[in-house]
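Data block below; observations after.
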Amino acid sequence: MIDERTRQMIEYYLPNPPDPDLEPGEYYWLQEGFGKPRVIKVYPLDIWPVKDGTEYGLYTKKGGRLVRVDAGYGDPFRGARKHDLYDNKIDCRNHEHNTCEEWERLREIQKEEGLI
């Protein structure tokens, strides 16, 4: 049984169920700064500890190339945060949980409780 606060966080941050066609370890990420924003599928493979958390190097499935996350400064060693990764394309496009680093834990609770 989950508490009311957790239920509210799930409803707010995870409005849509996960997309069933994502492979294990695959996420959606909104690529911006190179023209029109577009949602692409990525794999977070590199882990970079930074001053205030963790960033992940993102790679595409096709060709396995590193995705440049920081278009503004061109830093190839700048990664994405966990809140930038999504398991639903619509949520990604809408930035539904762009401030919630623990969204995966909420998704697990949502599944355990039978809410999806």
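What follows draws every value from the coordinates through simple rules; no lab data is involved. The shown structure was predicted, so the numbers you read here are calculated from the model rather than taken from an experiment. No Cβ is skipped: glycine too gets one built from the backbone with ideal geometry, and neighbour counts run over all protein chains shown.
Table: residues versus (1) out of contact with any Pro (no Cβ under 9 Å at 6 or more places or on another chain); (2) of a type in the set (A, V, I, L, M, F, W, C); (3) free of Cβ contacts under 8 Å to residues at least 24 places away in the same chain; (4) closer than 14 Å to residue 97 by Cβ.
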{"site": "3", "(1), (2), (3), (4)": "yes, no, yes, no"}
{"site": "11", "(1), (2), (3), (4)": "yes, no, yes, yes"}
{"site": "24", "(1), (2), (3), (4)": "yes, no, yes, no"}
{"site": "35", "(1), (2), (3), (4)": "yes, no, yes, no"}
{"site": "40", "(1), (2), (3), (4)": "yes, yes, no, no"}
{"site": "44", "(1), (2), (3), (4)": "yes, no, no, no"}
{"site": "53", "(1), (2), (3), (4)": "yes, no, no, no"}
{"site": "56", "(1), (2), (3), (4)": "no, no, no, no"}
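Taking the condition of being within 16 Å of residue 22 (Cβ to Cβ) and loosely packed, with under 15 Cβ neighbours inside 10 Å, how many residues in region 77-103 meet it?
Matching residues across region 77-103 total 2.
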